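Okay, structure first, notes after.
No lab work stands behind these numbers, since they all come straight from the coordinates. What you see is a predicted model; the values in this text were computed from it and never measured. Glycine gets a Cβ as well: all are built from the backbone with ideal geometry, and neighbour counts include every protein chain shown.
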C-alpha cells in the first residue's frame, strides 16, 4: 500500500493538547492512529472499537513502535465499560460517520469525560452539492458507512448531546483514489464500480470534489471538520 500521511492526525493532536496527566480514550479507534499519536505524551490510552479486525491491526501498529501504555478493548460503543468521568481526553477521529446513533455515541463519550475534560471530534463533511455523491461512494467503499454530515448537521448533533464547541478547525483533504480504495481493502469488482461512478458524476459534483485525472492517477478532495468539545 502507498505510504500516506493523514493530516487529520496532526490536527487532532493540535486540538487535543495532550499532557502527561491525561487519561485518554480513543473512541471507535479503528487502526489506532490517534491513540499511537498521543501515546507518548500521556499517562495511558484506552483504545476501543466494536470491530475485532481493526483492533488487531491497531495492536500490531502500537507494538511496532512500543507504545506500551495503550490498552485495546472490544466494546459496545454505546455502553462503555468505564465509570463516569474516567477520562480527561476523548478522541473520536473519522468514526462518527459509521455510527447509527451519533447523538447517543457523543452522549456516552460525555458520560465518561471528566468535568474539565474535552472531546476532540474529527469528521469529513459535505455540502449540498457533494452530499449525495460522496456518501454513495463512501458506502460502496465501506459497507458500515452511514453518513458524512453537513456542517449544520454536525453542529446539531453536538448540541443534542449537550456539548459546547470550544474550538473548531476546517481543512481540505486530498486523497489518491488508489490509496483510498486500498486502505479499505475494497474488492476489485467494487473498486471498478467506484471508478466508474466517479467518472459519471455531474460536472457540479466533480468540481465540488476537485476531481482530477492525470494519466492513470485519479484524486479528489473533501472538507473535514475538527471540533474540541466540552461541557
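In degrees, nearest 10, range 0 to 90: what is the angle between the Cα axis of helix 131-141 and the longest Cα principal axis of the chain? Once rounded, one gets 80 degrees. Ranked for footprinting exposure by Cβ neighbours inside 10 Å, fewest first, 27, 149 give 149, 27.
One Cα centroid belongs to region 124-159, the other to region 78-112; the line between them spans 19 Å.
Note on the chain: with a GNM built from Cα contacts shorter than 10 Å, the maximum mean-square fluctuation among 144, 120, 112 falls on 144.
Consider a paramagnetic label point 7 Å from the Cα of residue 179 along Cα→Cβ; state which residues of region 143-172 have an amide N under 15 Å from it. Under cut-off, by backbone N: 172. Springs between Cα atoms under 10 Å define the GNM used for the chain, and in it the highest mean-square fluctuation of 50, 123, 189 occurs at 189.
With both bridge residues required to lie in the chain, what share of the DSSP beta bridges run antiparallel, to the nearest 5%?
In the chain, approximately 50 percent of DSSP beta bridges are antiparallel ones.
In the chain, the calculated helix contribution to ellipticity at 222 nm averages -11000 deg cm²/dmol per residue, counting -39,500 (n - 2.57) for every DSSP H run with n ≥ 4. Just to be sure I understand, if you calculate semi-axes √(5λ) of the Cα gyration tensor in Å for this structure, which of (i) 30, 20, 15; (ii) 28, 25, 18; (iii) 42, 23, 13 do you get? Of the labelled values, this structure produces (i).
Among 33, 216, 132, sorting on how many other beta-carbon atoms sit within 10 Å of each Cβ, with the fewest leading, yields 216, 132, 33. For a paramagnetic label modelled on residue 204 (point 7 Å from Cα along Cα→Cβ), amide N atoms under 18 Å away belong, within region 131-151, to 131-137, 150-151.
With R₀ set to 22 Å, the beta-carbon distance separating residue 78 from residue 190 gives a calculated FRET efficiency near 0.15. Consider a paramagnetic label point 7 Å from the Cα of residue 230 along Cα→Cβ; state which residues of region 18-42 have an amide N under 15 Å from it. Under 15 Å, as judged by backbone N against the label point of residue 230, lie 18-19 of region 18-42.
Gain on full extension, evaluated as 0.36 nm per residue between residue 51 and residue 152 minus their Cα-Cα distance, stands at 33.5 nm.
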